[in-house]
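Notes follow the structure.
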């Protein structure tokens, strides 16, 4: 009785079957099934080059104008908000610019107008010697515009004259927190969270 010999699989056929099995396994992996939408077929490139993981949200400061004003001087009150992922939103009353310069050119050096809208980098917390800078409060936090503007030497500090009739209420353009305790809390939050971004939205 004569038997027929079984011919071995060629290299190219074996390689093709291996690739098909790998792709089939990828198609049926839990990750692939999780990303695939109903009725949608995934492309080969989506399987071979998966999307990079999403970045976690970063802490940041946000400054927005409110409709409130300081009763004694009429300075507009701004909200300085601290957004730290996973923590409650903090809000602090602040002033920016002088009360009578709110509509001045916000990009002009020396205009005493509020900060221009845009994104700023936030520097380190710098304690100030008592009495050395009476209108800057206990600490200074520099901010640097990440866009073109004529404004310079900007920062976040307390405004000890906020609401006082001494011609010094408000700032030359910086963010001045109304309350000393708020300024100290803000400094602590920035140091703890590593917040390094500020957005002025109005």
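Some points to look at:
- A straight chain from residue 65 to residue 188 at 0.36 nm per residue would run longer than the Cα-Cα distance by 41.9 nm.
- The stretch 68-202 - convex hull of alpha carbons, volume per residue in Å³: 106 Å³
- Relative packing of 146-156, 91-101, which averages over residues the other C-beta atoms within 10 Å, highest first: 91-101, 146-156
- Whether the stretch 137-202 is rounded, prolate or oblate, judged on the alpha carbon gyration tensor where a/c under 1.5 counts as rounded: oblate
- Taking the Cα atoms of the stretch 54-124, the ratio Rg/Rh between the radius of gyration and the Kirkwood radius comes to 1.04.
- Per-pair calculated FRET efficiency, R0 = 25 Å: residue 180 and residue 58 via Cβ, rounded to 0.05: 0.35
- Cβ-Cβ FRET estimate between residue 133 and residue 87, R0 fixed at 45 Å, reported to 0.05: 0.90
- The label-point distance for residue 147 and residue 51, in a model that sets each label 7 Å from Cα toward Cβ, rounds to 2.8 nm.
Rule-based calculations on the coordinates, nothing more; no lab input. All figures in this text were calculated on a predicted structure; none of them were measured in a lab. Ideal geometry is used to build each Cβ from the backbone, glycine not excepted, and the neighbour counts take in all protein chains shown.
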